[in-house]
Amino acid sequence: MKRLLIGVPFVWLFVLFLVPFGIVLKISLSDIDLAIPPYTPTLEVSDGWAGVAAFFSALDLENYIFLTSDDLYWKAYLSSLQIASISTFLTLLVGFPIAYAMARAAEEWRPALLMLVILPFWTSFLIRVYAWIGILSTEGFLNQFLLWTGVISEPLTILNTNTAVYIGIVYTYLPFMILPIYATLEKMDASLLEAAEDLGCSRMQAFWLITLPLARPGVVAGCFLVFIPTLGEFVIPSLLGGSDTLMIGKVLWEEFFNNRDWPVASAVAIILLLILIIPIILFQRNQQINKEAQQ
Amino acid sequence: MKIKLATMTAVIALCASAAVADEVRVYNWSDYIDEALLEKFEAETGIELIYDVFDSNEVLETKMLAGGSGYDVVVPTGDFLQRQISAGAFQALDFDQLPNSANLWDLIKDRTEQYDPDNAYSVNYMWGTTGIGVNVAKVTEILGEDAPIDSLELIFNPANIEKLAQCGVYMLDAPTEVIPAALTYIGEDPNTFDVDLINKAGDVLLAVRPHILKFHSSEYINALANGDICVAFGWSGDILQARDRADEAENGVEIAYNAPKEGALMWFDQMAIPVDAPNPEAAHMFLNFIMDAQNMAAASNYVYYANGNKASQPFLEEDVIGDPAIYPSDETLEKLYTPVAYPPKVQRVITRLWTKVKSGT
């Protein structure tokens, strides 16, 4: 029974991660073709062993080699990493004070505050991003308001720039940052802070020496939850971003839809996955070693 | 959106296996039909109509090439149709079930034959040109009364577009339509496969790129109508719809459309039935319904696009059939060119060039 329960996450991982990964990997090794589906070779199981053998003998790495022949792909990866890093940092900057205030709020207020953070999820993500188009456009609410108050005399161009992408990402992913940080801060023992103050710490020092280190697991979790989906983000840059917002999600879309080149698109996706997974594994191993060292 | 489409397809694929005879699924361009027609079809035939929309040929083509889209009727543009036919994505039409096909216009049928020999797989829905929509007041304010609003000079001459950038310029996100226009601007064959010439057209686009606010294939209708932008290189009927919406909103925005005088691309959106359509019989009924002279006229009167249906012309309103931006004069028709499907190698050059134009990389 126990073994069965432990098995559940593995089955989940196998069906929803490893099998799709295998399919994408397989397509990334085949060649483009004008057919349904538009690549060759396809695995002909009906031909038995001969079909499988023919399939494997025709595979090669040329799609991966192709990716190195054009600097577009590296630039798109780097630009995505940059956008994801900056967005994660900005989300942390906005999210931490909110989580902190929530955790310090009176106990009876907390469920209501938590509700307010989760509430936007009840509206479709797409509609919320569309709403930002109405707010940020040249004739939009923000510009009209700023013109009305006299802060600016010419409307600002925000929509279709990277600024709009950052606003969209920070807005969309903010709850993913707030919730884990709030969870760790809320569990924090308040007597630790009292003890620190008794021992002569200023409130500022107590924050840096006690609160922040204890909040670290929440911060790390929040950063991962924001960074990983942002790296492959497609919807926000395509709705709010300009034509020069270069992200790997868009490049992948173009390979898949404009070039109809499923194999190259799959190769791009596999590389993206490797770029994500390897640092995460290294980071977790590092965490593990630190933990063991502490014990 | 991607996620939504994916789930939608998944749901449709699931339902398709249990397709009932009284359901037809149509996948057409956005803002491309009078919705009253859809209700009329349901009332006349008792068939439930499920109507989804897309805004790029690439999205449709990917669905067709993936197979199992679950749609009964789809509407690709000529050059895309041609490639999908050779991939085996469509079934030959049964003209016995399409008596209204007698209404079709020979002039258009002759031109669509280059994509669909003998017009065996498709019938024309609408056709139009790709050209320039302007907010007349804003553009003349910036460039003066003699602004070249009917010429590619307006969008491809850096001197002009640099000034127009302050009020906003949109361009179609459709490389296979914009690159031929740039080739026309430099006096080359718009349908060339010559990579050097295509790159020369790319230089034209790279020079104007910094002044283009966005490359997008549907947002410009609202953006033009609201006065957010002043120039759009887009599809004829979409720009005329923007004109119409601005009129209705009475916001003082006046929109004009012109097919560029140097030569404009003429495209054809063709209705076809996927090879794995769950309900081909109902699909034929839908095609036949649309080809009815009055129905087709109602569709054109609503979306401001010309159609390939000769019999519908007496039912067209004067501001449709009488507007040379929709039904061009014979003289202009001569100057319109029809695009061709690119071979994969040239397509890759074009897509790569387009990425460079859009992102600068």
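Every number in this text was worked out from the coordinates using simple rules, so none of it is lab data. Keep in mind that this is a model prediction, so the values were computed, not measured. We place every Cβ from the backbone using ideal geometry, glycine too, and count neighbours over all the protein chains shown.
Restricting attention to segment B:239-361, the count of lysine pairs at 8 or more positions apart or across chains with alpha carbons under 29 Å apart stands at 9. Compared with the rule-of-thumb size 2.2 N^0.38 Å for a compact globular protein, segment A:67-260 has a Cα radius of gyration ratio of 1.24.
Magnitude of the Cβ-charge dipole of chain B, K/R +1 and D/E -1, about the Cα centre, nearest 20 debye? Display every interim value, and only then the final one.
Working: 23 positive and 55 negative charges, 327 e Å.
Value, rounded to 20: 1580 debye.
Using the Kirkwood formula over every pair of different C-alpha atoms, what hydrodynamic radius in Å results for segment B:110-266?
Working: mean 1/r = 0.0618 Å⁻¹.
Computed over Cα pairs of segment B:110-266, the Kirkwood hydrodynamic radius comes out at 16.2 Å.
With a Förster radius of 51 Å applied to the C-beta separation of B:TYR327 and A:THR149, the computed FRET efficiency comes to 0.55.
Phi-derived couplings, Karplus 6.51 cos²θ - 1.76 cosθ + 1.60 at θ = phi - 60°, listed residue by residue for segment B:148-164: x, 6, 10, 9, 5, 3, 4, 9, 9, 8, x, 4, 6, 6, 4, 6, 6 Hz, with x used for Gly and Pro.
If you find the alpha carbon centre of segment A:237-274 and of segment A:192-225, how far apart are they in angstrom? That distance is 41 Å.
In peptide A:257-266, how many Cβ atoms from other protein chains are near each Cβ within 10 Å, on average?
Working: counts 9, 16, 8, 10, 4, 3, 0, 1, 1, 0.
Going residue by residue through A:257-266 and averaging, the value is 5.
Between A:TYR39 and A:ASP33, the built amide H atoms are under 5 Å apart, and every one of these is 5 or more places off in sequence or on another chain.
Cα centroids of segment A:114-129 and segment B:46-79: 31 Å apart.
Of the candidates B:LYS214, B:LYS163, B:LYS345, which one comes out as most mobile in a Gaussian network treatment of chain B with C-alpha springs shorter than 10 Å? Looking only at B:LYS214, B:LYS163, B:LYS345, the biggest GNM fluctuation is shown by B:LYS345. At q = 0.12, 0.24, 0.25 Å⁻¹, what is the log10 ratio I(q)/I(0) for segment A:67-161, with the Debye formula run over Cα points and no solvent? These q points yield log10 I(q)/I(0) values of -0.71, -1.11, -1.13.
The DSSP beta bridges internal to the protein assembly as shown are antiparallel in roughly 60% of cases. Between the listed residues B:VAL178, B:HIS211, B:LEU152, the Cα displaced farthest toward the positive end of the dipole of chain B, a dipole computed from Cβ unit charges relative to the Cα centre, is found at B:HIS211.
Which whole-number percentage describes the relative contact order of chain A, with Cα contacts under 8 Å and a sequence gap of 6 or more?
Values: 276 pairs, mean separation 82.5, N = 295.
RCO, chain A: 28 percent.
About the Cα centre, and with charges only on the beta carbon of Lys, Arg (+1) and Asp, Glu (-1), how big is the dipole of the protein assembly as shown? Nearest 20 debye, please.
3460
What does the charge dipole of chain A about its Cα centre add up to, to the nearest 20 debye, if the Cβ of each Lys and Arg holds +1 and the Cβ of each Asp and Glu holds -1? Let's see the in-between values first.
On the way: 14 positive and 23 negative charges, 169 e Å.
In debye, rounded to 20, chain A gives about 820.
Give me the inter-chain shielding for B:52-65: mean count of other chain Cβ atoms within 10 Å, whole number please. The partial results should precede the final answer.
Details: counts 0, 0, 0, 0, 2, 2, 7, 3, 1, 4, 8, 1, 2, 9.
Taking all residues of B:52-65 together, the mean is 3.
When chain B is treated as a Gaussian network with alpha carbon springs shorter than 10 Å, the biggest mean-square fluctuation among B:THR176, B:THR130, B:THR332 belongs to B:THR332. Between the residues A:PHE257, A:VAL226, A:SER238, the greatest Cα displacement towards the positive end of the dipole of segment A:214-285, with unit charges on the Cβ of Lys, Arg, Asp and Glu, is found for A:VAL226.
Note on B:204-212: average number of Cβ atoms from other chains within 10 Å of each residue's Cβ is 1. Of B:ASN295, A:LEU273, A:VAL165, whose Cα points farthest to the positive end of the dipole of the protein assembly as shown (charges on the beta-carbon: +1 Lys, Arg; -1 Asp, Glu; origin at the Cα centre)? Farthest towards the positive pole: A:LEU273. The 3J(HN,Hα) values that the Karplus relation (6.51, -1.76, 1.60; θ = phi - 60°) gives for segment A:102-107 are, in residue order, 5, 5, 8, 5, 4, 3 Hz. Gly and Pro appear as x. At q = 0.06, 0.10 Å⁻¹ the log10 of I(q)/I(0) for the protein assembly as shown amounts to -0.40, -1.06, computed by Debye summation with a single uniform scatterer per C-alpha, solvent ignored.
Any chance you could tell me what percent of the C-alpha pair distances in segment B:227-317 go past 22 Å? All intermediate terms of the calculation are to be shown ahead of the outcome.
On the way: 1910 of 4095 pairs.
More than 22 Å apart: 47 percent of the Cα pairs in segment B:227-317.
3J(HN,Hα) along segment B:346-361: 5, 4, 5, 4, 5, 5, 5, 4, 5, 4, 5, 5, 6, 10, x, 10 Hz, from the Karplus curve 6.51 cos²θ - 1.76 cosθ + 1.60 with θ = phi - 60°, whole Hz, x for Gly and Pro. Computed over segment B:208-360, the Cα gyration tensor eigenvalues convert (square root of 5λ each) into semi-axes of 28, 25, 17 Å, ordered from largest to smallest.
Taking B:VAL169, B:VAL75, B:VAL136 in turn, the Gaussian network model of chain B (Cα-Cα springs below 10 Å) assigns the largest fluctuation to B:VAL136. Cα extents for chain B along the principal axes, largest to smallest and rounded to whole angstrom: 59, 45, 39.
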